[in-house]
Each structure stands twice: as structure tokens, then as C-alpha cells.
Number of protein chains: 2
Amino acid sequence: MIGIFDSGFGGLTVMKEYLKKYPEFDYMYLGDQANMPYGSHSKERLNKLVVQNVDFLVNKGCKLIIIACNTASADALRHVQNIYKGNPTILGVLVPAVENSLKETRFGNIGVIGTRGTINSNAYKREIEKYENDLYKPTDKRARESVKLYQQACPLLVPLVEEGLIKATVTRMILKNYLRPLKNAHIDTLILGCTHYPLLQKEITRIMGKNCKIISSAQAATYAIGSYFENHPDVLNLITRNGKRTYYTTDCPERFADLGKRFLGEVIVGEKVEI
Amino acid sequence: MIGIFDSGFGGLTVMKEYLKKYPEFDYMYLGDQANMPYGSHSKERLNKLVVQNVDFLVNKGCKLIIIACNTASADALRHVQNIYKGNPTILGVLVPAVENSLKETRFGNIGVIGTRGTINSNAYKREIEKYENDLYKPTDKRARESVKLYQQACPLLVPLVEEGLIKATVTRMILKNYLRPLKNAHIDTLILGCTHYPLLQKEITRIMGKNCKIISSAQAATYAIGSYFENHPDVLNLITRNGKRTYYTTDCPERFADLGKRFLGEVIVGEKVEI
């Protein structure tokens with residue numbers, strides 16, 4: 001069984017991509033609504049919450065854990081990986097998007113949008129610098145020697161998406177405002193560094209134009225897991241395959257069901273648990 | 001000492017009004033940032049958090065507790081009052097605003113705006129019905145026999161205020177959109193049922209027009225405490241008066257300082273505590 005967790009609903013966009021690619025696997029999803037949004041917590045508190053969630057999923061029998069939240073992947077992944085030491089494997093959604101963006105960028109101008117927590121952590125910058133030498137092979141003759149990352153915090157997008165204002169004029173105005181500095185910087189690749197943002201992908205694509213490649217961390221994480229399984233057939237063999245899906249939430253099941261439908265595109269029932 | 005708490009910063013608008021009226025009292029403010037926003041919790045969880053906060057303030061020596069959060073006043077005040085049975089006295093910010101609105105309304109059309117949690121709780125409706133017979137004395141000949149309450153959830157206003165977008169065009173658009181049904185219903189009195197909203201009061205007043213009386217629960221609560229003290233001189237005598245102010249936060253002190261300044265209008269330092 002694969003365990004996936006997030007502070008609420010956003011991680012369901014990651015799960016949606018997984019279900020498309022691996023519908024046969026068993027999945028357990030944990031939405032830690034009681035502590036949402038993760039972006040407003042300190043690093044220490046986030047570490048504590050992430051360890052609690054991993055403990056819960058491991059105790060329920062998950063053999064592979066996906067932290068389907070950029071803020072938690074940015075801040076707490078290393079911490080929890082150090083505690084579990086590979087048993088089970090714990091993966092985030094940040095590195096796959098970074099790898100993908102480095103492969104895609106034509107001349108090295110990469111943008112990333114995320115919550116304030118994700119952007120302030122500077123995690124995308126650190127990971128870009130780490131993987132750049134291996135993966136940055138620009139194809140354009142105007143290309144930079146080394147990648148330049150333009151970061152933009154977009155704290156209002158999560159509440160707008162959760163209010164269902166996907167196509168509203170105000171959302172378009174706020175998006176344009178957030179994306180203007182990135183457009184002015186002529187980025188050729190944009191990472192959607194928050195699991196809520198795929199719901200705004202159409203509008204973001206429209207604003208950024210066809211010359212800017214959009215990378216959703218949900219899609220990137222799903223492709224990355226394919227190559228991970230190739231290199232780790234032992235982990236792949238641990239995953240049970242009955243197409244079973246179980247959902248847990250740490251708070252209000254009604255809201256979980258309501259928003260879950262919007263994010264996953266199907267009706268889900270989350271059992272409430274205390275963690 | 002008076003203890004005041006909220007899920008974060010909004011309660012500081014209540015404290016600001018208290019400080020204007022009673023600068024000599026000692027105050028202790030607790031911002032439960034780790035669990036913000038309260039509007040996204042279930043009733044059970046909110047009850048638990050509120051009891052924890054009251055315990056903390058009582059153990060620190062507070063003799064009067066103000067729940068400076070509408071969601072918590074709506075959902076959890078009775079619960080925690082039943083536990084403490086008047087020792088210490090625990091007051092909310094909801095009833096004072098209801099009383100004030102019933103005294104002010106000219107023909108019985110009252111509106112209330114708040115978070116989804118506050119509005120869904122239906123607490124304003126319950127309290128209006130409870131106090132209406134005693135306090136509703138309409139002055140206009142078009143007056144209704146009994147009060148009609150128009151409720152409007154405004155979940156985006158808190159994030160907009162916390163982003164500092166007080167005067168932004170998008171905020172004005174979103175406000176107009178939220179307030180339109182209330183304007184169309186010809187309300188003559190509007191309760192700002194969330195402690196963040198006083199920061200938007202100017203714009204709300206501009207949209208609603210001069211014929212609509214705006215009632216901030218922060219101001220109403222401060223006036224209410226005056227008559228409470230008149231009837232309970234024993235409680236008044238318990239409050240120490242050295243003009244001392246202590247601030248605690250359950251998470252990120254930097255953000256507490258940053259937003260605290262915006263809400264209270266002065267620089268504050270919050271000590272981080274685990275509750």
C-alpha cells in the first residue's frame with residue numbers, strides 16, 4: 001500500500017495523477033485538516049506533524065510514503081527521512097519538479113510559485129543548485145551559464161481555490177499580479193510549487209503564454225516514481241495491488257468530502273481519526 | 001489580569017479597543033497560531049482548543065478571560081463556561097455585538113458577515129432570537145414586527161487582510177460581491193462578525209453607505225465590559241492595574257510580531273509557548 005498525506009486536500013491532485021498511472025495499487029490518503037494550512041507553521045512544528053503522519057501511515061501498513069505537500073516536502077522531508085532511514089521509503093514532491101524543470105528549461109530562466117512557507121524555505125533554490133550540474137542542458141543559444149530561479153509567494157491562491165473561485169475575475173487579477181514579475185523576467189519554465197495550483201493550470205498557462213513550460217509537481221512526482229520503481233524493484237514488489245483506496249482526515253469529514261470531490265474528481269469518504 | 005485569546009492576530013483588534021478604554025489594566029494575550037484558523041476546525045476540536053487556552057491563561061493568573069474570536073465565541077463559549085462555572089468569568093465577543101445591533105437597528109433588517117465557521121454555526125441567529133424581545137425597539141415606522149437576520153460568509157477576507165491587501169482593488173471587488181446580497185436586502189445595521197474585519201471597516205462603510213450602521217464586535221465587546229463591571233464590582237476588583245502587557249503565541253514569533261503590529265498598531269513581542 002502507498003501512503004499519501006497532505007495538510008488537507010491539495011495532495012489529492014497528486015493522488016489523482018498516481019491513480020491515472022497506477023490504478024491497480026492500494027492507496028491510503030491522510031488529510032491532516034486539523035493542522036491545515038501547513039504553510040503557517042514553524043519548522044519545528046511542521047517536523048513534528050510530519051513525523052506523526054508518517055507514523056500513522058506506517059502503522060496502518062504503508063510500504064511507501066509520499067509527502068504530497070510542497071511546504072512539508074521543502075521543510076520536513078530530510079528530517080523524517082533521517083528518522084526512518086529508508087524503512088519505509090519516504091518521497092516528496094519537490095525534487096521531481098526540480099529535476100523536470102532543469103530538463104525542460106531552454107535557457108535557464110526558471111520560475112516557481114508556492115505558498116509563503118514553501119518560498120521562504122528557499123528549498124527550490126537549494127535543490128536547483130544541487131541538481132543543476134547534472135541536469136541543466138540548455139537548448140537555446142541565448143542560454144544562461146547557470147540557472148536563475150525566480151521565486152514568487154502566492155498566499156491567496158489556496159483560499160481562492162478552496163472557495164471554488166477557479167474561473168473568477170478576481171482570481172485572474174490576483175494571478176496576473178503574482179505572475180507579472182515572472183513574465184517580466186522572461187522565464188521559460190514555471191514550477192507550480194503547491195498541490196492546489198493544478199486546478200488553476202489553464203489560467204496560468206493562458207497568462208504565461210505558450211513559450212513557458214508549466215510543470216506541476218503532481219505530474220512530475222508521478223513520472224519520478226516510475227524511474228524510482230525501475231531502480232528499486234524491491235519497493236515496487238512491496239506494494240499490494242487490489243485497487244483499494246482508504247481515506248482518513250484529522251478533522252471535519254463533511255468538508256473533506258466536499259473539497260475532496262473537487263480535487264480528486266470523484267466522491268470520497270474520509271474516516272475521521274485522532275493522530 | 002485580563003486574559004484575551006484568539007486563533008492568531010484578529011483578537012488584537014479587540015485588545016486595541018480594551019487598551020483605549022482601560023489602559024491601566026494588566027493584559028495577557030495568547031495567539032493560538034499553531035491552530036489557526038479556528039474556522040476550519042470541527043466543533044469538537046474547537047471545544048478542546050478553547051479549553052486548553054483558557055487553562056493556560058488561568059494557570060498564568062488571569063481573573064477574567066475574553067474569547068476574542070467570533071468562531072470560538074459562537075461554538076465553544078457555552079462549553080467552556082459550563083466547565084469553569086464562573087470561576088473565572090469567561091466572556092465572548094458575540095453577544096455584545098448582538099445586543100448592540102438590536103439596540104441600533106431602525107427597522108429590523110440586520111446583516112452579519114463572518115467566517116464560514118461562524119456563519120454555519122448559526123450562533124448569531126440564535127442569540128438575536130434570544131435577546132430580541134428585550135432589546136428590539138425599532139424607531140422607523142416601516143419597522144418589521146420581528147428582526148430579520150441576513151447572514152453572509154466571507155471566507156476570503158481573513159487571508160486578504162493578513163496579506164495586507166486592505167486597500168487593493170481585488171479586496172474591494174470581493175467585498176462588493178460579498179456585501180451585494182446584504183445591500184439588496186436593505187439592511188440598516190451590519191455586524192462585523194470577525195475580529196479581522198475592523199481593518200476593512202472604512203471600505204465596508206463606503207460600500208454599505210451612510211444609512212447602514214456598522215457594528216464591530218471589538219468595539220461592542222469593550223462597551224459591554226463596562227456594564228459588566230458595573231454589575232460585578234467583585235470581578236473588577238480582581239484585575240491588577242500596572243499597565244503590564246504580556247504576549248504569547250503557540251507558533252512562529254516572527255509572524256506574530258509582523259502581523260501583530262498591523263492589528264494592534266504597535267510593536268509587540270510574543271513568547272512562544274507549547275500548550
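The values are calculated or read from the model by the stated rules, or taken from the named source; none is laboratory data. These numbers were taken from a predicted model, which means no experiment stands behind them. FYI the Cβ positions are ideal-geometry reconstructions off the backbone, even for glycines, and counts take in every protein chain you see.
Of the residues that make up the stretch A:45-55, is at least one charged (D, E, K, R), more than 25 Å from B:Asn35 (Cβ to Cβ), modelled with pLDDT of 95 or more and not assigned by TED's automatic domain parsing to the domain that holds A:Pro159? Spell out the reasoning first.
Let us first name the residues in the stretch A:45-55 that are charged (D, E, K, R), namely A:45, A:48, A:55.
In the following step, the residues that additionally are more than 25 Å from B:Asn35 (Cβ to Cβ) were identified as none.
No.
So, restricting to strands (runs of 3 or more DSSP E) that lie completely within the stretch B:164-265, which ones have at least 1 residues that are in contact (Cβ under 8 Å) with a residue 40 or more places away in the chain and closer than 30 Å to A:Met173 by Cβ?
Numbers: elements: B:189-192, B:213-216, B:245-249.
In the stretch B:164-265, B:189-192, B:213-216 are the strands (runs of 3 or more DSSP E) which contain 1 or more residues that are in contact (Cβ under 8 Å) with a residue 40 or more places away in the chain and closer than 30 Å to A:Met173 by Cβ.
Out of A:Glu145, A:Glu163, A:Glu132, I need the residue that is out of contact with any Asp or Glu (no Cβ under 9 Å at 6 or more places or on another chain) and within 25 Å of B:Leu157 (Cα to Cα). Which one?
A:Glu163 is the lone residue from the list that is out of contact with any Asp or Glu (no Cβ under 9 Å at 6 or more places or on another chain) and within 25 Å of B:Leu157 (Cα to Cα).
Going by the conditions given, is B:Ser216 closer than 15 Å to B:Ala97 by Cα, out of contact with any helix residue (DSSP H, G or I) (no Cβ under 8 Å at 6 or more places or on another chain) and away from chain A (no Cβ under 14 Å)? If you could, list the steps in order and put the result at the bottom.
Values: closer than 15 Å to B:Ala97 by Cα: yes; out of contact with any helix residue (DSSP H, G or I) (no Cβ under 8 Å at 6 or more places or on another chain): no; away from chain A (no Cβ under 14 Å): yes.
Judged against the criteria, B:Ser216 is not a match.
Among (1) crowded, with 17+ Cβ neighbours inside 10 Å; (2) assigned to a helix (DSSP H, G or I); (3) of a type outside the set (A, V, I, L, M), there is one condition A:Gln151 misses while meeting the rest; what is its number?
Failing condition for A:Gln151: (2).
Just to be sure before I move on: is B:Thr13 within 14 Å of chain A (Cβ to nearest Cβ) and closer than 24 Å to B:Phe256 by Cα in the structure I sent?
Working: within 14 Å of chain A (Cβ to nearest Cβ): no; closer than 24 Å to B:Phe256 by Cα: yes.
It is false that B:Thr13 is within 14 Å of chain A (Cβ to nearest Cβ) and closer than 24 Å to B:Phe256 by Cα.
Restricting to the stretch B:107-126, and then to whatever is touching a Cys at 6+ places or on another chain (Cβ under 9 Å) and of a type in the set (A, V, I, L, M), can you tell me which residue is modelled with the lowest pLDDT?
The selected residue is B:Ile119.
Just to verify a result, which residue in the stretch A:173-194, among those that are closer than 13 Å to A:Gly114 by Cβ, in contact with a Cys (Cβ under 8 Å, 6 or more places away or on another chain) and of a type in the set (A, V, I, L, M, F, W, C), is surrounded by the fewest Cβ atoms within 10 Å (Cβ to Cβ)?
Top of the filtered list is A:Leu190.
Would you confirm whether or not the stretch A:63-71 contains a residue that is closer than 20 Å to A:Ala153 by Cβ, in contact (Cβ under 8 Å) with a residue 40 or more places away in the chain and within 14 Å of chain B (Cβ to nearest Cβ)?
Yes, the conditions are met somewhere in the stretch A:63-71.
Which one of these does A:Lys272 not meet: (1) at pLDDT below 95; (2) closer than 30 Å to A:Gly86 by Cβ?
A:Lys272 satisfies every listed condition except (2).
Please verify whether A:Leu160 is more than 10 Å from chain B (Cβ to nearest Cβ) and surrounded by 20 or more Cβ atoms within 10 Å (Cβ to Cβ), treating the condition exactly as stated.
Numbers: more than 10 Å from chain B (Cβ to nearest Cβ): no; surrounded by 20 or more Cβ atoms within 10 Å (Cβ to Cβ): yes.
Considered against the rule, which asks whether it is more than 10 Å from chain B (Cβ to nearest Cβ) and surrounded by 20 or more Cβ atoms within 10 Å (Cβ to Cβ), A:Leu160 comes out as no.
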